[in-house]
Amino acid sequence: WRYRTSGWRYCAAESMSREVRQGKPDDARHSELGRRLVAVQEHIDRVCAEVQRPASGVTLIVVTKTWPEEDIERLVRLGVSDVGENKAQELSAKFDQFATVAPADVALRWHFIGQLQTNKAAIVAQRADVVHCIDRLRLVPALAKGLSGRTRPLDGLVQVSLDPPGTSASHRGGVPADQLDELAAQVQQQQGMTLRGVMGVAPHDGDARPAFARLQEISAHLRETYPHATWISAGMSGDLDAALEFGATHLRVGSAILGQRPLLG
């Protein structure tokens, strides 16, 4: 079940064929998600070809925040192996609920991508496979409190602020680039965690390309000290082309696959 973008279409076709053989019911939402996944994958393949990089080096994370656990089940049946949440309570509830219905051979990888409060960090560390939003020193020991009982390290990315110098904060989170080294060292030294690379969110307005170009440079700087920290988490539904152009290895795509999020009451 753990496929990356280069093999997604084959995984999805095999999964849907297996459903037919096992007599599992389909529904309109399942078909809709399948169509959207194919469209996004084809778009990723096309952009990767244009910028001359292999699509096999890109991990597609489907951002399921605010969507019901039933959609996660549909996505898994379609071959999705990576999902993302941005609130600790929602991650906890969906993780626990999914664990009660998931077949034993299904390995779903959970990514936490939102800004994280220190008092919720242990909850996330107990459930997530990857935390993309490590943006301050005190978050590292807070995550460490939830690491007991894990059978493998928690993968961590340092979130870097991509706001232009001298501008007001966009409240999207991220450590200033000049503080990256100190925070990365803290993650690397924490027992039970593995430093995987960097994450960034482009500013709300304007061209995302300069922001992602800067993130690519920051990633290169980090790899000088930590050659294994090769991941670049960047790009969402609206700016994935720019992210792919500048080396993103992990795309966080929500609305392009799941549609517009339901309004919360």
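Determine whether region 192-203 contains at least one residue that is open to solvent by 70 Å² or more (accessible area, probe 1.4 Å), at pLDDT below 95 and assigned to a loop (DSSP other than H, G, I, E, B). Scanning region 192-203, I find no residue that is open to solvent by 70 Å² or more (accessible area, probe 1.4 Å), at pLDDT below 95 and assigned to a loop (DSSP other than H, G, I, E, B), so the answer is no. Among the residues of region 229-265, those identified as more than 16 Å from residue 54 (Cβ to Cβ), among the hydrophobic types (A, V, I, L, M, F, W, C), in a loop (DSSP other than H, G, I, E, B) and touching a residue at least 60 places away in the same chain (Cβ under 8 Å) are 236, 264.
Taking the criterion of being surrounded by fewer than 14 Cβ atoms within 10 Å (Cβ to Cβ) and either within 24 Å of residue 249 (Cβ to Cβ) or in contact (Cβ under 8 Å) with a residue 24 or more places away in the chain (or both), the only residue of region 153-166 that qualifies is 164.
Restrict the check to region 99-111 and report whether at least one residue is touching a Cys at 6+ places or on another chain (Cβ under 8 Å), modelled with pLDDT under 95 and closer than 28 Å to residue 228 by Cβ.
Among the residues of region 99-111, not one is touching a Cys at 6+ places or on another chain (Cβ under 8 Å), modelled with pLDDT under 95 and closer than 28 Å to residue 228 by Cβ, which makes the answer no.
Checking region 219-228 against the condition returns a match, with at least one residue being assigned to a loop (DSSP other than H, G, I, E, B) and free of Cβ contacts under 8 Å to residues at least 40 places away in the same chain.
Before we move on, is residue 172 part of a loop (DSSP other than H, G, I, E, B) and open to solvent by less than 70 Å² (accessible area, probe 1.4 Å)? So residue 172 passes the test. Among the conditions (1) of a type in the set (S, T, N, Q); (2) out of contact with any strand residue (DSSP E or B) (no Cβ under 7 Å at 6 or more places or on another chain); (3) at pLDDT below 95; (4) surrounded by 13 or more Cβ atoms within 10 Å (Cβ to Cβ), residue 5 misses just one, which is (2).
To keep it simple, each residue is scored yes or no on (1) open to solvent by less than 60 Å² (accessible area, probe 1.4 Å); (2) at pLDDT 95 or above; (3) hydroxyl-bearing (Ser, Thr, Tyr); (4) in contact with a strand residue (DSSP E or B) (Cβ under 7 Å, 6 or more places away or on another chain).
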residue: 9; (1), (2), (3), (4): no, no, no, no
residue: 12; (1), (2), (3), (4): yes, no, no, no
residue: 18; (1), (2), (3), (4): no, no, no, no
residue: 21; (1), (2), (3), (4): no, no, no, no
residue: 51; (1), (2), (3), (4): yes, yes, no, no
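For first residues located in region 39-63 and under 14 Å from residue 82 (Cα atoms), partners that are in a loop (DSSP other than H, G, I, E, B) and open to solvent by 60 Å² or more (accessible area, probe 1.4 Å) and lie 6+ apart or on another chain with Cβ distances below 6 Å form the pairs 59/4. Among the residues making up region 33-49, those that are loosely packed, with under 15 Cβ neighbours inside 10 Å and not basic (Lys, Arg) are 39, 42, 49.
The values are calculated or read from the model by the stated rules, or taken from the named source; none is laboratory data. From a predicted model like this one, the values you see are computed outputs, not experimental measurements. For neighbour counting, all protein chains shown are included, and Cβ atoms are generated from backbone atoms with ideal geometry for every residue, glycine included. Ligands, DNA and RNA are excluded from the accessible area calculation, which covers all protein heavy atoms including side chains. Shrake-Rupley method; radii C 1.70, N 1.55, O 1.52, S 1.80 Å.
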